[in-house]
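Every number here is computed from the coordinates shown, using simple stated rules; none is lab data. The structure displayed is predicted, hence computed values, not measured ones. No Cβ is skipped: glycine too gets one built from the backbone with ideal geometry, and neighbour counts run over all protein chains shown.
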Amino acid sequence: MKQKIVNNMDILLEELHKITGRKAKWEEFLVSFMESYDSDAYEKKMRDSLANLVEEFKLSDIARGLDRIGEKIEGFPAGEVLRQVLQVADHALEEKNMVIKELKEVLAELATPTIRIWKDVVVAPLIGTLDSERAQSMAERLLEFVADTRAKVVIVDVTGVPLIDTIVGGFLIEMFNAVKLLGCEVVITGIKPSIAHTLVKLGVDFNMVTVKRDLESGLRYAISITEKEGKGAV
Amino acid sequence: MRDIKMEDYDMLVKINDERDIVVARQMVKDFAKRMGFSLADITKISTAVSELARNIFRYAGSGFIYIRENTGEEKEIEIAAVDKGPGIENVEAAVEAGFTTSKGSLGLGLSGVRRLMDSFFIESEVNRGTVVIVTKRRRTF
């Protein structure tokens, strides 16, 4: 069979070129197939060269290419190789999904910083579009942070949120109520005029928290109530 | 059920997963901006689309958002949200504030959409799907 592949190499590569537009990778694959066929290193060698193919070509094209080789070369285990291709592709896909998942986690952390800005005062600026997953992880992290720092006031700034619908509104209300259960005041700041109007129309009500115009007045208010508490305790 | 034809509309967004909600919102926002709506109205329109797309995703799994510009005496934007989902048993109750069938939801979606827009039409048949059509006029000052 090896001899046959060597003899037909040029014709084969021409055919494969027609399918995928490239032949260098196919040549590598055929050479490493011939080198390793019947040897102990076969599985591993094939995995490496197939990974190359999978990276370069569409799976359907690879299948067609292997079929073509099978037609030309008697005894070529096209089905067997195709099974290996699928394994390799599966593996590659898994790796990609892992990367996406990791990136999402990185993004969630990047997008929701929590800052201790004053004694007993924490600021959580929200930025961008909130989907349910991000909202969930953000709420968890904020609650942990509040518990760890024993903060008395959390300022949630929504200047960077383009739109608050009932989902985001509902999530914020839930998060505010949870923070209050930790014995911490919540101040929301930075609601834009267009969002204010929309919230009223939607009937989303933030009456459980204090609303301040912007971060500056929110911070001023937060400091004033924490200082008052501090004096009262003495 | 009202028949919504693609060719009658200027734009179509398919809702298949949560990310499509953001896409729909973004597209309608650009569309409304091009039509010359005020910033406050653009926010209302895209919030309404966000609610409608969310309902499609949550209850029907998949469906479509159609968008078009109606030119008459006054320019208006028309948005149709169409799905072939389970339908709504009691439509009247569903558009009341506070109605919800899912836990953790405020139940303000449909009633909110009605208040955000100028006109609101809903038709639903159990096991056949739901059509919601809303419009908003462009106010000229």
task: Project the alpha carbons of region A:2-106 onto their principal axes and report the range along each, largest first, in whole Å.
output: 53, 33, 20
message: Is the C-alpha gyration tensor of the protein assembly as shown telling us rounded, prolate or oblate? Criteria: a/c under 1.5 is rounded; beyond that, a/b larger than b/c is prolate, otherwise oblate.
response: oblate
- prompt: For region A:11-119, which GluC sites (Glu not before Pro) are in a loop by DSSP, counting at most 13 other Cβ atoms within 10 Å?
  reply: A:Glu74
- prompt: In a GNM of chain B with a 10 Å cut-off on Cα contacts, which of B:Asp41, B:Asp118, B:Asp83 has the highest mean-square fluctuation?
  reply: B:Asp118
query: For A:Lys201, which aspartates and glutamates qualify as cross-link partners when the Cα separation must be under 15 Å and same-chain residues fewer than eight apart are set aside?
result: A:Asp165, B:Asp41, B:Glu51, B:Glu96, B:Asp118
statement: Computed about the Cα centre, the charge dipole of region A:2-106 from +1 Lys/Arg and -1 Asp/Glu charges at the Cβ has a magnitude in debye, to the nearest 20, of 240
Distance from region A:44-80 to region A:97-134 (C-alpha centre basis), Å: 44
- prompt: Who wins for biggest fluctuation among B:Ile45, B:Ile15, B:Ile122 in a Gaussian network model of chain B, springs between alpha carbons below 10 Å?
  reply: B:Ile122
field: Student exercise, the protein assembly as shown dipole from Lys, Arg, Asp, Glu Cβ charges, in Debye to nearest 20
entry: 1300
task: State, as an integer percentage, the relative contact order of region A:112-233 based on alpha-carbon contacts under 8 Å between residues 6 or more apart.
output: 26
- request: Tell me the Kirkwood hydrodynamic radius of chain B in angstroms, computed as one over the mean inverse distance between distinct C-alpha pairs.
  value: 15.1
field: Rounded tilt (10° steps) of A:193-202 against the dominant C-alpha axis of chain A
entry: 90
statement: For region A:112-233, inverting the pair-averaged 1/r of distinct alpha-carbon atoms gives a Kirkwood value in Å of 14.5
field: Separation between Cα centres of region A:162-205 and region B:61-85, rounded to whole Å
entry: 28
task: Treating only the Cβ atoms of Lys and Arg (+1) and Asp and Glu (-1) as charged, compute the dipole magnitude of chain B about its Cα centre; round to the nearest 20 debye.
output: 460
statement: Expected max-MSF residue from A:Phe176, A:Phe76, A:Phe145 in the GNM of chain A (alpha carbon, under 10 Å) is A:Phe76
message: Run the helix sum for chain B: -39,500 (n - 2.57) per DSSP H stretch of 4+ residues, divided by residue count, reported at 222 nm to the nearest 500 deg cm²/dmol.
response: -10500 deg cm²/dmol
Under the Karplus curve 6.51 cos²θ - 1.76 cosθ + 1.60, θ = phi - 60°, whole-Hz ³J(HN,Hα) for region A:18-31, x wherever Gly or Pro sits: 4, 6, 10, x, 9, 10, 4, 5, 5, 4, 4, 4, 5, 5
message: Rounding to the nearest 10 and keeping the result within 0 to 90°, find how far the Cα-based axis of helix B:39-55 lies from the longest principal axis of chain B.
response: 30
task: May I ask you to order A:125-132, B:60-67 by the average number of other C-beta atoms within 10 Å around their residues, highest value first?
output: B:60-67, A:125-132
- request: Taking each pair of different alpha-carbon atoms in region A:75-180 once, compute 1/r for the pair, average those values, and report the inverse of that mean as the Kirkwood hydrodynamic radius in Å to one decimal.
  value: 16.5
task: Just need the relative contact order of chain B here, percent rounded to a whole number, with Cα pairs under 8 Å and 6+ apart.
output: 25
task: Give the angle, between 0 and 90 degrees and rounded to the nearest 10, that separates the Cα long axis of helix A:166-181 from the longest principal axis of the Cα atoms of chain A.
output: 60
query: Please state the relative contact order of region A:2-106 as a whole percent: Cα pairs under 8 Å, 6+ residues apart?
result: 24
message: Under 19 Å between alpha carbons, and skipping anything fewer than 8 positions from A:Lys104 in its own chain: which lysines qualify?
response: A:Lys96
